[in-house]
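Structure record follows, encoded as structure tokens.
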Amino acid sequence: MSSENVQTKWGQFISLIIVFFFWGFVGSANDILIPVFKKVFTLSQVQSQLVAWAFYAAYFVGSIIFFLISLKSDVLQKFGYKKTLSAGLLLSAVGSFLFVPAATMESFPFFLTALFTVGLGFSIQQIVANPLAIKMGSPTTGAHRLTLAGGVNSFGTTIGAILLGIALFGMGDNKKTTLSLEDIKLPFIILGLAFIIVAVFMNFSKIEDPAKADEEEAIIEHKHAKFSILDYPQLYLGMLAIFIYVGTEVTIISNLPALLHTNEFGNILEDAIAPFIALYWGSLMIGRWNGGVNVFNTSNLVNIALKFIVPALGFGVIIGANIFAAHDVSSFYIYPIWILLFIAVSFAGGKNAGKTLMLFGVFGLLMMVAGLVWPNPEIAKFFFISGGLFLSIMWPSIFDLAIAGLGKNTGKASSFLIMMILGGGVVPLLQGKICDLDLTNPNGIFGITYTHFSYIVPLLGFAYLAFYGFYCPKILKKQGVSHVVSEGGGH
């Protein structure tokens, strides 16, 4: 490949990961808004989780609409990846601008409508961007490219929590503990304008459209007259895995402010939550940056060195951003212990998608167990936060396994997988319901509060994800699809 083509490919990929950054930024914004809305609108914990519900339910609704339209004429084949992606960005811009009348009217349902609209746009973007990242280059490094893009997504969530915290509460001596809904307007106006700028940029960019390649690939791989989910166990089990993965990722952090607000965990108030949110999303960033190293063609020695250097840089970004925002992060300096454990597990998983997913599921489960039983809350909270490290590589591993061998039906399969992002709205509600038991049962259960005990929910999530990582490669082997098992994955 000529140097000009390589530059073009990287230019296209950089354009794409800007979109991943936006997803992350808005995702962490939700985690700041949940405790804020809970206080301003006097909501219960389960009611406050409607913020996550509105946002992630939109993925489900948007994906169903996308699939139904594609039954007549495949959207990606007809309009192309680029135009479809731009349309999704514009729809998210509309949702961002809706925050202005929602704040003026001081209406919680209106805020949920605005978030739902942003989520609808994101559903379109996700359906396009995930398979596009995988197809934008060599198939053997497809999941690693998706991991690298996910690292940019997590960078957005890491600094998004801090920047929105500064925008809403200020910093240093000017920091305030009360919030006016008027303060929400400007950040989302800026976000809406950014969506429009990127949409225009994407529409006029030189991103190559792989839709024709999909059609040619289907001649080789497509064996069924009609597409049926039931023909592909890797897909329907993968759909459940995506549902549980996103639910687990969101529920850990969505309910963390409630956990830290308990007397058991130090009664940390809303204005001091941002550093912990940044550390959680930063943990996903560290993991994805670490996995993204595999995209680059380096020697084994350099690769091993980068596996330690890149996480250290990621942790430095988290600490530096928090220090910039004048947050006390002295308690965070113990966290590299969990990062080193993560690095060790990533080496054990290698480049095998199934094995990596299984190992990270098992260790995520162990972190949740430790967080539930550890006697010192100052340490226990870091076990829960470290769930972000072990979730970090799961999306590309699940996605890569779930679409293996689907050929022409990759677009349809992708829409089904994106539907399952609904888990990010459902699972936090379940955990929030357990948290609210503290209102009627202040003595808790097993010597801890129900809010603390509620982390049994992500524990069960990690258990299924470990099972999928173990079982799916066996399915693919029976089907004769082996390249994903031996070359795919990414950590």
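If A278 satisfies all but one of (1) touching a Leu at 6+ places or on another chain (Cβ under 8 Å); (2) farther than 24 Å from I418 by Cβ, what's the number of the condition it fails? Exception for A278: condition (1).
Conditions tested, residue by residue: (1) within 23 Å of M367 (Cβ to Cβ); (2) outside the structural domain of M239 (by the TED database); (3) surrounded by fewer than 24 Cβ atoms within 10 Å (Cβ to Cβ); (4) not polar (S, T, N, Q).
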residue: D436; (1), (2), (3), (4): no, no, yes, yes
residue: Y455; (1), (2), (3), (4): yes, no, no, yes
residue: A463; (1), (2), (3), (4): yes, no, yes, yes
residue: A466; (1), (2), (3), (4): yes, no, yes, yes
residue: K474; (1), (2), (3), (4): no, no, yes, yes
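Can you find even one residue in the range 400-418 that is among the polar types (S, T, N, Q), open to solvent by less than 10 Å² (accessible area, probe 1.4 Å) and modelled with pLDDT of 85 or more? No, the range 400-418 contains no residue that is among the polar types (S, T, N, Q), open to solvent by less than 10 Å² (accessible area, probe 1.4 Å) and modelled with pLDDT of 85 or more. Filtered by the rule that a residue be of a type outside the set (A, V, I, L, M) and under 18 Å from N290 (Cβ atoms), the range 314-349 gives G314, F315, G316, Y335, P336, W338, F342, S346, F347, G349. Condition test on V26, is it touching a helix residue (DSSP H, G or I) at 6+ places or on another chain (Cβ under 8 Å) and modelled with pLDDT of 80 or more? Against the criterion (touching a helix residue (DSSP H, G or I) at 6+ places or on another chain (Cβ under 8 Å) and modelled with pLDDT of 80 or more), V26 does not qualify. Restricting S346, S330 to residues that are open to solvent by less than 40 Å² (accessible area, probe 1.4 Å), at pLDDT below 95 and in the same structural domain as L237 (by the TED database) narrows the list to S346. For F360, the criteria (1) over 28 Å from L237 (Cα atoms); (2) buried (at least 22 other Cβ atoms within 10 Å of the Cβ) hold in every case but one, which is (1). Being in contact with a helix residue (DSSP H, G or I) (Cβ under 9 Å, 6 or more places away or on another chain), open to solvent by 40 Å² or more (accessible area, probe 1.4 Å) and over 26 Å from L430 (Cβ atoms) holds for only one residue in K39, K72, K78, and it is K78.
Just checking, does the range 449-467 include any residue being modelled with pLDDT under 90 and either out of contact with any Lys or Arg (no Cβ under 9 Å at 6 or more places or on another chain) or assigned to a helix (DSSP H, G or I) (or both)? The answer is no, given that none of the residues of the range 449-467 is modelled with pLDDT under 90 and either out of contact with any Lys or Arg (no Cβ under 9 Å at 6 or more places or on another chain) or assigned to a helix (DSSP H, G or I) (or both). Take the range 246-269 and flag every residue that is assigned to a helix (DSSP H, G or I), surrounded by 22 or more Cβ atoms within 10 Å (Cβ to Cβ) and not hydrophobic (A, V, I, L, M, F, W, C). G247, T248, E249, T251, S254, P257 - these are the residues of the range 246-269 that are assigned to a helix (DSSP H, G or I), surrounded by 22 or more Cβ atoms within 10 Å (Cβ to Cβ) and not hydrophobic (A, V, I, L, M, F, W, C). Applying the criterion of at least 1 residues that are in contact with a Pro (Cβ under 8 Å, 6 or more places away or on another chain) and at pLDDT 70 or above to the helices (runs of 4 or more DSSP H) found wholly in the range 62-180 leaves 75-97, 108-135, 142-169. For the residues V302, V293, the requirement of being open to solvent by 30 Å² or more (accessible area, probe 1.4 Å), over 16 Å from the mean Cα position of the chain (by Cα) and at pLDDT below 90 singles out V302.
The values are calculated or read from the model by the stated rules, or taken from the named source; none is laboratory data. Predicted model, so just to flag it, every value in this text is computed and none were measured. Backbone-built Cβ (ideal geometry, glycine too); neighbour counts: all protein chains shown. With ligands, DNA and RNA removed, areas are computed over all heavy atoms of the protein, side chains included. Shrake-Rupley method; radii C 1.70, N 1.55, O 1.52, S 1.80 Å.
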